[in-house]
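One structure below.
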C-alpha cells in the first residue's frame, strides 16, 4: 500500500516552504489541498506558490478553474486521484499540502455521496439561500417535519443548502442519507498516510498573518480584487467569499472610505477566525502536531 505524505497547518504557518523542502529531500511532487489556489488569477490573496517555487517542485491542484466557476469537493477528489496516479507513474512520491478542511477530510474518509443533484434543484436552493437562512429552514421542515436532526448546523447557511439539495434529490430522510453516507468507503482508502501538522504559538502566528497581509496589499491584492469585481461574481461563489478577497472587494465597493490600515486589520481579524476553524478541522481529523523552525 502506497504512503502519501500530508503537510498541513493553519494559514500563514509556513506550509509552502515546508512542503518544498520535504519534496526536494524525498523526490516528491506536490498536490495542493487549498480551495482558493484552484482559481486562476487569485494569486496574491491565496498565497499561491510563486512561479519560482513551482519550478523548484512541480505542483498540482493550482489554477484549475476560473473564479466565475464552482469547484466542488467531488471535483477535487476526482482531480486528486488522477494527479496522484500521474505523479506515481513518474516514480515520484506525493506530498499533499494545504489547509482546506473539506479537501483534507477527503483523504481520511468519505466526504461526498453519489447522489445526483439536478441543476433545477441547485437553482431552487440557491434562490432560497439568497433570501436567508429562515427560508432554507422552512423548506427543510416541509420535507423533514418540525424537528431537524441535531447534527445539522442550523446556523450555517452553506450546510443547510447542501442538506436541502440532498433532501430534494432523494426520498430518504436526512438521517437515513447520513447513515448511508457513513457506511461508504473513503475515496483514498487504498492509500496509507503520514501526516504532520505545523503549528506556531498564537502571538507568533498573528504576527506572521499581519506581515503577510500587509505584503499582499502592497503586492497587488487590491488589483486582483478589482479584476474579480469586473467579473461580476455571484457573492455566493466560493471565490467571492475567500478571506482577503471578500474584505478587499467590499472596501472597493464602499468607495475606499477607510484607510488601507483598517482594511488590513479587517483581513487579519477574519484570517484569525479562519485559523480557529482550521484548527477545529485538524482536531476532528486527528492529525498529529509537528513543529516549524
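The values are calculated or read from the model by the stated rules, or taken from the named source; none is laboratory data. Quick caveat, the model's predicted, so the values are computed rather than measured. All Cβ positions, even for glycine, are placed from backbone atoms using ideal geometry, and neighbour counts span all protein chains on display.
Tabulated values for the structure
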| read-out | value |
| --- | --- |
| Residue count for the range 101-154, restricted to those that are outside any helix (DSSP H, G or I) and touching a strand residue (DSSP E or B) at 6+ places or on another chain (Cβ under 9 Å) | 2 |
| Filter result for the condition that a residue is part of a loop (DSSP other than H, G, I, E, B) and either under 30 Å from residue 118 (Cα atoms) or modelled with pLDDT of 95 or more (or both), over 228, 177, 233, 205 | 233 |
| Selection status of residue 145, modelled with pLDDT under 90 and at positive phi | no |
| Yes/no for residue 129 being over 20 Å from residue 237 (Cβ atoms) and either at pLDDT 95 or above or within 23 Å of the chain's Cα centre (by Cα) (or both) | no |
| Residues of the range 102-116 satisfying the condition of being surrounded by fewer than 20 Cβ atoms within 10 Å (Cβ to Cβ) and either closer than 29 Å to residue 4 by Cβ or at pLDDT 90 or above (or both) | 102, 105, 108, 109, 110, 112, 113, 114, 115 |
| From 55, 48, residue being part of a loop (DSSP other than H, G, I, E, B) and without any contact (Cβ under 8 Å) to a residue 24 or more places away in the chain | 48 |
| Test: residue in the range 164-181 that is crowded, with 16+ Cβ neighbours inside 10 Å, on the phi < 0 side of the Ramachandran plot, touching a helix residue (DSSP H, G or I) at 6+ places or on another chain (Cβ under 7 Å) and free of Cβ contacts under 8 Å to residues at least 24 places away in the same chain | no |
| Any chance residue 159 is in contact with a strand residue (DSSP E or B) (Cβ under 9 Å, 6 or more places away or on another chain) and surrounded by fewer than 16 Cβ atoms within 10 Å (Cβ to Cβ) | no |
| Subset of the range 17-45 that is out of contact with any strand residue (DSSP E or B) (no Cβ under 7 Å at 6 or more places or on another chain) and assigned to a helix (DSSP H, G or I) - its residue that is surrounded by the fewest Cβ atoms within 10 Å (Cβ to Cβ) | 25 |
